[in-house]
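A quick write-up on the structure given underneath.
The values are calculated or read from the model by the stated rules, or taken from the named source; none is laboratory data. Model, not experiment: these values are computed from the prediction. Here the Cβ positions follow ideal geometry from the backbone for every residue, glycine too, while neighbour counts run over all protein chains shown. All accessible areas refer to the heavy atoms of the entire protein, side chains included, with ligands and DNA or RNA removed. Shrake-Rupley method; radii C 1.70, N 1.55, O 1.52, S 1.80 Å.
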Amino acid sequence: QRQAPQDVLRPRYVLPFKIEAEACAQIARDWLGSSWMAPANLRQISQLGKFTPIYLPYWTLDSTTHADWKAEVGHPKTERYFENGEWKTRTVIEWRWESGHVDLAIDDLVVSGTTRLSRVLLGKVQDFHLNDLAGYDPKYLAGLQAQAYDVTLELAWETGRGQMREKTRQACLSRASTSHVRNFSMSLDFADESWRYILAPVYISNYTYAAKTYQAMVNGQTGTIAGQRPVDWNKVWLVIAALLAPGALIGLLGLLTIPLAGIGIVIGGFGFVLLVIGVIVSIIIYTQGNKMDDV
């Protein structure tokens, strides 16, 4: 055993494990088969490793933010105008200055205290129920691993204040009379700041598929799982092709039927709309696929 440096804080609270290690395997298998992008045989032939329980360090931050804001807020208005010998209507935005004040109480904002694990995965499994916090007692750590923090309290507050600032910004924007906002500015103060250093339960595991290793994490209190999953790109490309094909074919049909009294223009326009929708959905699917196996 090594003596801890004097400036290292000790945790004051612990969230006990509620999920048994044996349950993690079933949670993981259900999760492996829950995405249509994953290989069809992933759940059957992936080799799940042992789920290791570990207490990870977290900071919980409390504060009340006080913000004064102002912005130009746009109000849609319909107006009539005369063009080419006839009256027409159009929608214009009328901009007006608005301002206000927001007081926002933020309780138990959770910030990870470690940089040694994927922040993306940790962010997806940190839905802890902090009402179950218990006073720190070494008995909770008996036979288990526990990691000390390497994100200092100062760095945690820097991260936390950034998140609090964004929450306050969204609260200010919600006070505007419409969703059309520009030239937004906000002055912000933090008050009643407090913090806790806690240990929270997480299971960590690796599994292999097609000779490649992937990582998974399970929240030891709630059972929430996150991790990397392989993607069956052949399946994804077939789906993308199926999304793009109708718009492309109808658009082509429209081009061929343009001489037929303008019917082709209507068909071509419809095909163009379908193609645009297909491209948007395809981009979303492709982005999700990249995120699945790259965390």
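For Ala176, are the conditions met, namely being among the aliphatic types (A, V, I, L, M), surrounded by fewer than 20 Cβ atoms within 10 Å (Cβ to Cβ) and within 30 Å of Pro39 (Cα to Cα)?
no
Considering the range 221-238 alone, what residues qualify as being assigned to a helix (DSSP H, G or I) and buried (at least 16 other Cβ atoms within 10 Å of the Cβ)?
Of everything in the range 221-238, just one residue is assigned to a helix (DSSP H, G or I) and buried (at least 16 other Cβ atoms within 10 Å of the Cβ), namely Val236.
Among the candidates Ala67, Ala28, Ala71, single out the residue that is open to solvent by less than 40 Å² (accessible area, probe 1.4 Å), modelled with pLDDT of 95 or more, small (Gly, Ala, Ser) and closer than 30 Å to His129 by Cα.
The unique qualifying residue is Ala67.
Quick one: is Ala171 in a helix (DSSP H, G or I), of a type in the set (A, V, I, L, M, F, W, C), in contact (Cβ under 8 Å) with a residue 24 or more places away in the chain and surrounded by 12 or more Cβ atoms within 10 Å (Cβ to Cβ)?
In short, yes.
Look at Val218 and say whether it is β-branched (Val, Ile, Thr), touching a Pro at 6+ places or on another chain (Cβ under 9 Å), open to solvent by less than 20 Å² (accessible area, probe 1.4 Å) and closer than 30 Å to Pro11 by Cβ.
no
List pairs: first in the range 1-23 and over 23 Å from Leu61 (Cα atoms) and at pLDDT 85 or above, second open to solvent by 80 Å² or more (accessible area, probe 1.4 Å) and among the β-branched types (Val, Ile, Thr), Cβ under 7 Å, 6+ apart or cross-chain?
Short answer, once both residue conditions are applied: none.
Is the range 142-149 home to any residue that is under 22 Å from Thr52 (Cα atoms), surrounded by fewer than 17 Cβ atoms within 10 Å (Cβ to Cβ), free of Cβ contacts under 8 Å to residues at least 60 places away in the same chain and more than 22 Å from the chain's Cα centre (by Cα)?
yes
Would you mind telling me which numbered condition in (1) at pLDDT below 90; (2) crowded, with 17+ Cβ neighbours inside 10 Å; (3) within 22 Å of Ala40 (Cα to Cα) Leu243 fails?
(1)
If a residue has to be within 25 Å of Arg169 (Cβ to Cβ) and among the β-branched types (Val, Ile, Thr) to count, how many in the range 104-121 make the cut?
Going through the range 104-121 one residue at a time, the tally reaches 4.
So which of Tyr214, Tyr209, Tyr203 is at pLDDT below 90, under 21 Å from Gln126 (Cβ atoms) and of a type in the set (Phe, Trp, Tyr)?
The conditions single out Tyr214.
Which of the residues that make up the range 75-93 are open to solvent by less than 100 Å² (accessible area, probe 1.4 Å) and of a type outside the set (Val, Ile, Thr)?
His75, Pro76, Lys77, Glu79, Tyr81, Glu83, Gly85, Glu86, Lys88
Being free of Cβ contacts under 8 Å to residues at least 12 places away in the same chain and of a type in the set (S, T, N, Q) is the filter here; which residues of the range 84-99 pass it?
Result: Asn84, Thr89.
Among the numbered conditions (1) touching a Ser or Thr at 6+ places or on another chain (Cβ under 9 Å); (2) in contact (Cβ under 8 Å) with a residue 40 or more places away in the chain; (3) surrounded by fewer than 18 Cβ atoms within 10 Å (Cβ to Cβ), tell me where Val102 comes up short.
For Val102, the exception is condition (3).
Could you look through the range 93-132, keep only residues that are in contact with a helix residue (DSSP H, G or I) (Cβ under 7 Å, 6 or more places away or on another chain) and not polar (S, T, N, Q), and pick out the one that is farthest from Met186 (Cα to Cα)?
By that ranking, first place goes to Gly113.
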